[in-house]
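The values are calculated or read from the model by the stated rules, or taken from the named source; none is laboratory data. Remember, predicted model here, so these are calculated numbers, not experimental data. Neighbour counts are summed over all protein chains in view; Cβ atoms, including those assigned to glycine, are modelled from backbone coordinates with ideal geometry.
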Amino acid sequence: MRTMASATTGTTAHNGRATLMQRVTAGVGGGLAGGVVFGLMMQAMGMMGMIGQLVGSTSTAVAWVVHLAISAIFGAAFGAVLGGLVKGLGSGVLIGAGYGVVLWVVGPLLLMPAFLGMPLFVVNETALTSLLGHVIFGVVLGAVAGVLLRRRTA
């Protein structure tokens, strides 16, 4: 017997579909996991300071808080918008990688330079390194979200 999901309680329907709350929660978890991996890469390359500059800080700790908050927000958006397409690890990785590319265009090529008074859409070695980081972020986000969603809808 199939029953409908309850949007208010976040329970899963018997038809195997995750609720919006479950997709958003899985996205936040994946976003935080991807944010840690990407943040460690940025830290190792000395790029974390640019994140702190978004809020006028030179503190590495502040940069990490901002970075993880952004990662959680983008993870939640992933879950809300694309989470219904994620059926498990494989689809999560593929969709997440594409999402990472979109985030790279919107973030480092458009929004971040606009906030910091830099030229927009500059593709150089730093930007290409950032592309790699964003794709890795998306892959980790999608993988974690895919696993979490698969468990919740099984």
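Listed values, structure above:
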item	result
Subset tally (residues that are more than 16 Å from the chain's Cα centre (by Cα), assigned to a helix (DSSP H, G or I) and within 30 Å of L89 (Cβ to Cβ)) for region 113-154	7
Residue within region 23-34 that is at pLDDT below 95, farther than 20 Å from L131 by Cα and among the basic types (K, R) present	no
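Quick grid of which residues meet (1) loosely packed, with under 14 Cβ neighbours inside 10 Å; (2) small (G, A, S); (3) over 15 Å from F137 (Cα atoms):
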position: G52; (1), (2), (3): no, yes, yes
position: T58; (1), (2), (3): yes, no, yes
position: V62; (1), (2), (3): no, no, yes
position: A80; (1), (2), (3): no, yes, yes
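Yes/no per residue for (1) more than 17 Å from A18 (Cα to Cα); (2) charged (D, E, K, R); (3) surrounded by 16 or more Cβ atoms within 10 Å (Cβ to Cβ):
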position	(1), (2), (3)
M42	yes, no, yes
G49	yes, no, no
L111	yes, no, no
L116	yes, no, no
S130	yes, no, yes
V144	no, no, yes
